[in-house]
Amino acid sequence: YIAQSLANQYATIYYVDVYTESYIEFSSSDVYKNLDVPPVGDEFFRTSRKNAMRVIHPEDVEAMMELMDRDRMTEAINEHVMVSVTYRLMLDGRESYTTMQAVWADDMRHLIIGVADVDATYRRELEQKAAEERSTTYSHIVQSLATKYFTIYYVDSITNSFTEYGANDEFKQLDIAESGADFFAASEINISQVVHPDDRDLVLSLIDKESLLRNLSEADSVTASYRLMFNGEERFVSLRI
C-alpha cells in the first residue's frame, strides 16, 4: 500500500535486491507501462542497461549506462545518501525529462528507485535559466557599450516605457530621469532643458515616435549630431537609434 501510494508521485518505483538483483516494479503511469519494461524480473541492472539503449535519449544513454551498475550505484548512495539524476526518456518519439532517485531501504539490502516525470517543471527551469543568462549577457553588453556613450536608453516601442543604462557622472549632472513610462513625452521636456536652442527642432523631429519608427523601417539606424549644454557650455554629441 505504501509503495502504491508513493507511486502516485512517480512514474514508477523499483524495489531491487542488491544481492540477487531481482526486482519488483510498482507503476502508476500508463505512459511508463507503454515502454514495455517487465514489472518483475531478475538481473535488474543488466536489464536496465539493455532498456536504456531502447528508451533513453541517445545523448543521455552513456551516462545512464555508467550509473546503472550495481557497484557504482551503491557506492554513490553510500557516499551521498541518495542518487538523483535527470535524463530524457523517448516517449512516442518525443523527449521527456525524467528524474531517477535511488536510496537504501532500511534493511540495507534493497534499493528503492523512483522514476518521476519532471518534464514540465524542468523545462520551466531551463527557460528561466536561459532568460537569466540572456539578461546577464544583455547587461554585460549594455555596460560595455555604455563606456563608449554618455548613456544608453532602452525603449519599449509599444508601451513607450524606458530605462537608462550606464550614464556617466557628467551626463548625470543633467538631472534626466533614469526610467519612466513615456520616453517620448519625457524627451520633449528634456530637449527643451538640455539641448542647444538652435538644435532643439532637429532633435525633436528625430524623437517623434511616428516618424522615428517609419525611418527605422527603412534603415538600420537613425543618427544625428547636435549640441548639449553642460553647465552653460555647449558640447557636440552624437545620437544613434
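The values are calculated or read from the model by the stated rules, or taken from the named source; none is laboratory data. Just so it is clear, the structure is predicted and the values come from calculations on it, not from any experiment. Heavy atoms of the whole protein, side chains included, go into the accessibility calculation; ligands, DNA and RNA do not. Shrake-Rupley method; radii C 1.70, N 1.55, O 1.52, S 1.80 Å.
Relative contact order for region 39-118: 21 percent, from Cα pairs under 8 Å spaced at least 6 residues apart, divided by residue count. Rounded to the nearest 500, the 222 nm mean residue ellipticity of the chain from helices alone is -13000 deg cm²/dmol, with -39,500 (n - 2.57) taken per DSSP H run of at least 4 residues.
At q = 0.14, 0.17, 0.19 Å⁻¹ the log10 of I(q)/I(0) for region 136-241 amounts to -0.57, -0.86, -1.10, computed by Debye summation with a single uniform scatterer per C-alpha, solvent ignored. Against the chain, whose longest principal axis comes from its Cα atoms, helix 183-194 is set at around 40 degrees. Karplus-based coupling profile of region 42-52, in residue order and whole Hz: 10, 6, 3, 6, 5, 4, 5, 5, 5, 5, 4, with θ = phi - 60° in 6.51 cos²θ - 1.76 cosθ + 1.60 and x standing for Gly or Pro. Relative contact order, whole percent, for region 72-208 stands at 11, derived from Cα pairs under 8 Å and 6 or more residues apart.
Between helix 119-146 and the chain, what is the angle of the helix's C-alpha long axis to the longest principal axis, kept within 0 to 90° and rounded to the nearest 10? Compared with the principal axis, the helix lies near 30 degrees.
Roughly how much of Asp208 is accessible, in Å² to the nearest 10, using a 1.4 Å probe? Counting only protein heavy atoms, the figure is 70 Å². The length gained on full extension between Ile189 and Ala76, counted as 0.36 nm times the residue separation minus their Cα-Cα distance, comes to 34.1 nm.
Only Cα pairs under 8 Å and 6+ residues apart enter the sum, and on that basis the relative contact order of region 82-130 stands at 29 percent. Surface composition of the chain: carbon plus sulfur atoms hold 49% of the accessible area, using a 1.4 angstrom probe and ignoring ligands, DNA and RNA. Dimensions of the chain based on its C-alpha atoms, expressed as ranges along the principal axes with the largest first, amount to 91, 36, 32 Å. The mean accessible area for residues of the chain, using a 1.4 Å probe and ignoring ligands and nucleic acids, is 63 Å² per residue. The angle separating the long axis of helix 58-67 from the principal Cα axis of greatest extent in the chain is about 50 degrees.
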